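These notes are about the structure you will find just below.
Please treat every number below as a calculation from the coordinates, not as lab data. In this text the structure is predicted, and so the values were computed from the model without any measurement. As a convention, Cβ positions derive from the backbone with ideal geometry for all residues, glycine included, and neighbour counts pool all protein chains shown.
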């Protein structure tokens, strides 16, 4: 399998699906505000889900055990169930649970905190359910988080933080202002792309997810993919995913 070629095709499919959804709405005369029309109708991440599914099959898991469209509900602890984007259940064990998330368009800042809260909450929920025995006596599953961000200028510009009482984490401060307006030192902040990168990295560092992947790509007829963080590339993500699948299969043979 040519991973790079398949990844490019899957990301291109994402943009094509958004474009088709928007065109359908225009033809029907019902146009949602902002970029909502591009995501209404779903299936945008279908090709990426299909690619991961093929990778899991290539690692030895059965196609019938991999779910990407239906029967995706898993029990939680703080809520009854949550629908994941891809799960693998084999021999009564939860092997993999994955989230595929994306952000595109100009209104990036409105969603960064929501995405962060969602990612942390979902992981906390499923790990607590695992602790409570909701998945039987199975070994810990692989939790994966893949984030696709539109590569455009407004996601690369530093965004200042409001710090009325306490200083933010130094990683989110960025470079200091040369001429601060106040007597206290002020900072430029970091871009939204950097914030998403930090989110993905820290989800793994805090062991909320087994592995994470952060991809940036242009919304164009021939998309250009950028993976700015070496520790969050798709190749590294795939290596971790394959390793977990192989380890699980070996444990079933004992």
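Tell me, how many Å apart are the Cα centres for region 133-164 and for region 191-241?
Result: 8 Å between the Cα centres.
Under the definition of Cα pairs under 8 Å and six or more residues apart, what whole-number percent is the relative contact order of the chain?
On the way: 353 pairs, mean separation 45.1, N = 254.
Averaging sequence separation for qualifying contacts and normalising by length gives 18 percent for the chain.
Which whole-number percent of Cα pairs in region 136-254 have a distance greater than 23 Å?
On the way: 3390 of 7021 pairs.
When all Cα pairs of region 136-254 are counted, 48 percent exceed 23 Å.
Per-residue ellipticity at 222 nm for the chain, helices alone: DSSP H runs ≥ 4 residues times -39500 (n - 2.57), over residue total, nearest 500 deg cm²/dmol? Walk me through the numbers before you get to the answer.
Details: 6 runs with 97 residues, N = 254.
The helix-only estimate for the chain comes to -12500 deg cm²/dmol at 222 nm.
Can you put 210, 102 in order, fewest other beta carbons within 10 Å first?
Values: 210 22, 102 19.
Fewest-to-most Cβ neighbours within 10 Å comes out as 102, 210.
If packing is taken as the average count of other Cβ atoms within 10 Å, what order do 215-227, 88-100 fall into, highest mean first?
Values: 215-227: 15.5, 88-100: 20.2.
Those peptides, ordered most packed to least, come out 88-100, 215-227.
For region 86-197, what are the per-bin percents of Cα-Cα distances with bins 5 Å wide, up to the bin holding the maximum?
Going out from 0 Å in 5 Å bins, region 86-197 shows 2, 10, 16, 15, 13, 12, 10, 9, 6, 3, 2, 1, 0 percent.
Can you sort 235, 188 from fewest to most other Cβ atoms within 10 Å of each residue's own Cβ? Walk me through the numbers on the way to the answer.
Values: 235 12, 188 16.
Fewest to most other Cβ atoms nearby, the residues stand as 235, 188.
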